[in-house]
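Below is one structure, written out as structure tokens; comments come after it.
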Amino acid sequence: LAKTTQPISMDSYEGQEVNITCSHNNIATNDYITWYQQFPSQGPRFIIQGYKTKVTNEVASLFIPADRKSSTLSLPRVSLSDTAVYYCLVGSREYGNKLVFGAGTILRVKS
Amino acid sequence: EPEVTQTPSHQVTQMGQEVILRCVPISNHLYFYWYRQILGQKVEFLVSFYNNEISEKSEIFDDQFSVERPDGSNFTLKIRSTKLEDSAMYFCASRLTDRVTYEQYFGPGTRLTVT
């Protein structure tokens, strides 16, 4: 499984766009990039998944450059309720789709 | 929106006792998982379950742990003889298909406290 590196924490203010970058230098050809969100004392929640270029849903966008060695989760116009831990995960179907979580990025949104 | 449910929300038990944590995955999902999260630490994979058998388990999932899907709706995690270090949040998750997707739906968790 590719190792991922992301900032330990980030601070932002309400209404700003937040970009969290994840490094995964050893990503394999079959690997997908997935982001999860976790609020305190709750289970993780799927945000978005991608393989290359850009993916967008109603919650976030995921930017993946051509070399796929990094990815950026973009949260538009964050609110206080977006304060959470954000996890970048990389994996392939070979690993049975189990999720391997790292430490994640603690995002604090201030008013 | 369908959701994964878990009971109880909090379980307190004494060291050496058996506990069963219960989960009701989303009804048409096929893949089931247990994860745990020790306070202040990362979420750790325990076991995955498909077609009524374990498909993968981690080193944490030793002989003290077992899983079962006793009927068409429940998915349980049993710890035979709890240790202090088993204290953690235990999350059940489920996934719909065999496609390459990492979209798992997590339950709210059971906080297990071993005293």
Task: Cα centroid separation - segment B:46-71 against segment A:15-61, whole Å - done: 27
Open item on the list: Using a Gaussian network model on chain B with a 10 Å cutoff between Cα atoms, which of B:Val24, B:Val47, B:Val12 fluctuates the most?
Closed with: B:Val12
Open item on the list: Give me the dipole magnitude in Debye, nearest 20, for segment A:9-110 about the Cα centre, with unit charges on the beta carbon: positive for Lys and Arg, negative for Asp and Glu.
Closed with: 140
Task: B:Asp63, A:Asp31, B:Asp71, A:Asp82, ranked by accessible area, largest first (probe 1.4 Å) - done: B:Asp63, B:Asp71, A:Asp82, A:Asp31
Task: Exposure of A:Lys3 as accessible area (Å², to 10), given a probe of 1.4 Å and all protein chains - done: 150
Task: Exposure of B:His10 as accessible area (Å², to 10), given a probe of 1.4 Å and all protein chains - done: 100
Open item on the list: Positive end of the dipole of chain B, charges at C-beta (+1 Lys, Arg; -1 Asp, Glu), about the Cα centre: which of B:Leu39, B:Ile26, B:Phe75 has its Cα farthest in that direction?
Closed with: B:Leu39
TODO: Would you kindly calculate the translational diffusion coefficient of chain A, applying Stokes-Einstein with the Kirkwood radius from alpha carbon pairs, for 10 °C and a viscosity of 1.306 mPa s, and quote it in µm² s⁻¹ without decimals?
DONE: 113
Open item on the list: Quick check: pseudo-label points 7 Å beyond the Cα along Cα→Cβ at A:Ser81 and A:Glu14, how many nm apart are they?
Closed with: 1.2
Open item on the list: Give me the percent of accessible area attributable to carbon and sulfur for chain A, probe 1.4 angstrom.
Closed with: 50
TODO: Taking a probe of 1.4 Å and counting only protein heavy atoms, give the total accessible area buried between chains B and A in Å², rounded to the nearest 100.
DONE: 1800
TODO: Specify whether the C-alpha gyration tensor of the protein assembly as shown places it in the rounded, prolate or oblate class, a ≥ b ≥ c being the square roots of the eigenvalues: rounded for a/c under 1.5, otherwise prolate if a/b is larger than b/c and oblate if not.
DONE: prolate
TODO: With label points built 7 Å along Cα→Cβ from the Cα atoms of A:Thr21 and B:Glu3, find their separation and express it in nm.
DONE: 3.7
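About the Cα centre of segment B:2-115, what is the dipole size in debye to 20, counting +1 per Lys and Arg Cβ and -1 per Asp and Glu Cβ, all else neutral?
With only Lys, Arg, Asp and Glu charged at Cβ, the dipole is about 240 debye.
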Open item on the list: Per 0.36 nm of contour for each residue apart, how much would the distance between B:Lys42 and B:Lys78 grow if the chain were fully extended, relative to their Cα-Cα spacing?
Closed with: 10.8 nm
TODO: Calculate the dipole size of the protein assembly as shown relative to its Cα centre from +1 charges on Lys and Arg beta carbons and -1 charges on Asp and Glu beta carbons; express the result in debye to the nearest 20.
DONE: 340
TODO: Counting only heavy atoms of the protein chains, get the accessible area per residue of segment A:53-93 (1.4 Å probe) and round it to a whole Å² value.
DONE: 47
- [ ] Taking a cut-off of 23 Å between Cα atoms, list the lysines near A:Lys52, but don't count ones fewer than 8 places away on the same chain.
- [x] A:Lys3, A:Lys69, A:Lys98
TODO: For segment B:49-115, count all C-alpha to C-alpha pairs, find those more than 14 Å apart, and express that count as a whole percent of the total.
DONE: 68
Open item on the list: Given 10 °C and 1.306 mPa s, compute D for chain B with the Stokes-Einstein relation, Rh being the Kirkwood radius over Cα pairs; round to the nearest whole µm²/s.
Closed with: 112
Task: Nearest-10 value in Å² for the accessible area of A:Ser23, using the 1.4 Å probe - done: 40
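The values are calculated or read from the model by the stated rules, or taken from the named source; none is laboratory data. On a predicted model such as this, the values are computed, not experimentally measured, just so you know. As a convention, Cβ positions derive from the backbone with ideal geometry for all residues, glycine included, and neighbour counts pool all protein chains shown. When the accessible area is computed, the model is the full protein with side chains, heavy atoms only, and any ligands, DNA or RNA have been set aside. Shrake-Rupley method; radii C 1.70, N 1.55, O 1.52, S 1.80 Å.
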